[in-house]
Amino acid sequence: MSFYHAYSLAFAWHAMSIPFTIAAMSTELVQRQFGMHVQNYVASADHAQGERLERMLALLPFAPEWRVLDVATGGGHTALAVAPFVREVVAGDVTIEMLVAARRFIQSHGVSNVTFEQAEAGSLPFVNGAFDLVTCRLAAHHFLQAAQFVCESARVLKPGGWFALIDNVTPPDSLAAQHINAFEKLRDPSHVWEYAASDWEAFCLAAGLTLRHVEHHHKSLDFEPWCDRMSVPALVRRQLRVLLWHAPAAAREALNPQFSSDPFTGPVTFTFGELLLIAQRPPASA
Ligand SMILES: C[S@@+](CC[C@H](N)C(=O)[O-])C[C@H]1O[C@@H](n2cnc3c(N)ncnc32)[C@H](O)[C@@H]1O
């Protein structure tokens with residue numbers, strides 16, 4: 001086994017063994033991690049642009065009277081994009097600093113039909129049937145209780161209401177999934193678990209939602225800006241590069257790392273799988 005192979009395995013195991021306990025994956029960890037990097041997410045080009053966001057908007061049958069909940073709104077990019085199509089958007093997030101920044105960001109665009117509420121995805125503080133649409137983009141891999149989040153979304157939807165999810169996904173291969181999750185968690189300790197698309201489909205079915213549309217995409221990321229967003233220290237960046245360089249075959253195929261020169265100092269791009277899933281709570285008469 002080469003030095004770098006041993007090195008990468010050691011760090012993969014280290015990252016995986018950062019205890020996946022309730023304590024380590026706590027809400028406080030998310031709040032601390034995102035609370036410290038609020039402006040990076042508001043300013044993030046990856047979050048502001050989002051082809052999938054445009055696609056999601058095109059697929060949903062918006063009506064002007066709709067009330068929408070955007071779960072884990074982060075910098076508020078999804079709430080801002082949805083707001084022109086509906087009566088009201090409630091932007092929820094567990095991190096107060098994020099809500100403050102999202103409000104400033106959305107109000108700076110002259111948008112006034114978005115309200116802001118602290119809301120944890122696994123225990124949404126809203127009555128049954130309060131919304132016509134629940135959205136959640138690029139956040140669910142932080143949720144301790146992903147299946148419970150889908151159940152909560154179904155509960156707060158009106159009969160006939162819509163659920164729209166965009167999130168990073170892993171390939172079905174278990175080793176690839178573990179490697180990619182180790183890679184993500186090493187970069188961001190508040191990362192919990194990135195699921196496969198089939199897991200999300202199963203969560204929706206278990207929550208009583210009907211799948212209406214599922215799309216699989218790949219998005220290319222520049223390694224350094226991805227690390228910058230979470231202020232990743234230089235040593236950890238090297239460890240992450242090792243995990244890319246020595247990824248097991250199925251993970252390497254999914255991550256598709258492209259090293260332009262020296263793998264430990266030069267520019268790197270890699271790919272994440274991304275899922276766009278739209279489901280519907282059955283109408284009352286169904
Ligand atoms: C990457 S940002 C979300 C990006 C945003 N949805 C968008 O479309 O641009 C992730 C957000 O998830 C929030 N978050 C993480 N875990 C959460 C949870 N269990 N409940 C609610 N929000 C959570 C974080 O506070 C953070 O603001």
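The values are calculated or read from the model by the stated rules, or taken from the named source; none is laboratory data. For clarity, every value in this text was computed on a predicted model and none was experimentally measured. Note: ideal-geometry Cβ built from the backbone for every residue, glycine included; neighbour counts use all protein chains shown.
Remarks
- Restricting the range 157-181 to residues that are surrounded by 22 or more Cβ atoms within 10 Å (Cβ to Cβ) and more than 20 Å from His216 (Cβ to Cβ) leaves a set whose member that is nearest to the ligand (Cβ to nearest atom) is Leu157.
- Of the set (1) within 13 Å of the ligand (Cβ to nearest atom); (2) assigned to a strand (DSSP E or B), all apply to Leu133 but (1).
- Scanning the range 185-200 finds one or more residues that are exposed (fewer than 15 other Cβ atoms within 10 Å of the Cβ) and touching a residue at least 24 places away in the same chain (Cβ under 8 Å).
- Taken as a whole, the structure places Ser260 among residues that are of a type in the set (Gly, Ala, Ser), closer than 26 Å to Gln49 by Cβ and more than 22 Å from the chain's Cα centre (by Cα).
- Residues of the range 121-132 classified as out of contact with any Asp or Glu (no Cβ under 9 Å at 6 or more places or on another chain) and crowded, with 16+ Cβ neighbours inside 10 Å, total: 2
- Residue in the range 178-200 that is among the small types (Gly, Ala, Ser), within 20 Å of the chain's Cα centre (by Cα) and within 26 Å of Ala43 (Cβ to Cβ) present: yes
- One residue from Arg87, Arg104 being over 24 Å from Phe143 (Cβ atoms) and touching an Asp or Glu at 6+ places or on another chain (Cβ under 7 Å): Arg87
- The single condition among (1) in contact with a helix residue (DSSP H, G or I) (Cβ under 9 Å, 6 or more places away or on another chain); (2) surrounded by fewer than 22 Cβ atoms within 10 Å (Cβ to Cβ); (3) over 18 Å from Ala63 (Cα atoms) that Gln107 does not meet is (1).
- Scope the range 79-121; condition within 11 Å of the ligand (Cβ to nearest atom), over 17 Å from Val68 (Cα atoms) and of a type outside the set (A, V, I, L, M); matching residues: Thr95, Glu97, Phe105
- Selection status of Ser174, among the small types (Gly, Ala, Ser) and touching a Phe, Trp or Tyr at 6+ places or on another chain (Cβ under 8 Å): no
- Selection within the range 136-152: residues that are assigned to a helix (DSSP H, G or I) and near the ligand (Cβ under 8 Å from one of its atoms). The member of this set that is modelled with the highest pLDDT is Phe149.
- Number of residues in the range 233-265 that are modelled with pLDDT of 95 or more, surrounded by 14 or more Cβ atoms within 10 Å (Cβ to Cβ) and not in a helix (DSSP H, G or I): the value is 4.
- Test: residue in the range 155-176 that is in contact with a Lys or Arg (Cβ under 9 Å, 6 or more places away or on another chain), closer than 30 Å to Asn256 by Cβ and in a helix (DSSP H, G or I): yes
- Just one of (1) without any contact (Cβ under 8 Å) to a residue 12 or more places away in the chain; (2) in a loop (DSSP other than H, G, I, E, B) fails for Leu205. It is (2).
- Taking the criterion of being in contact with a Leu (Cβ under 9 Å, 6 or more places away or on another chain) and outside any helix (DSSP H, G or I), the residues of the range 177-192 that qualify are Pro189, Ser190, Val192.
- Some residue of the range 209-220 being part of a strand (DSSP E or B), charged (D, E, K, R) and modelled with pLDDT of 95 or more: yes
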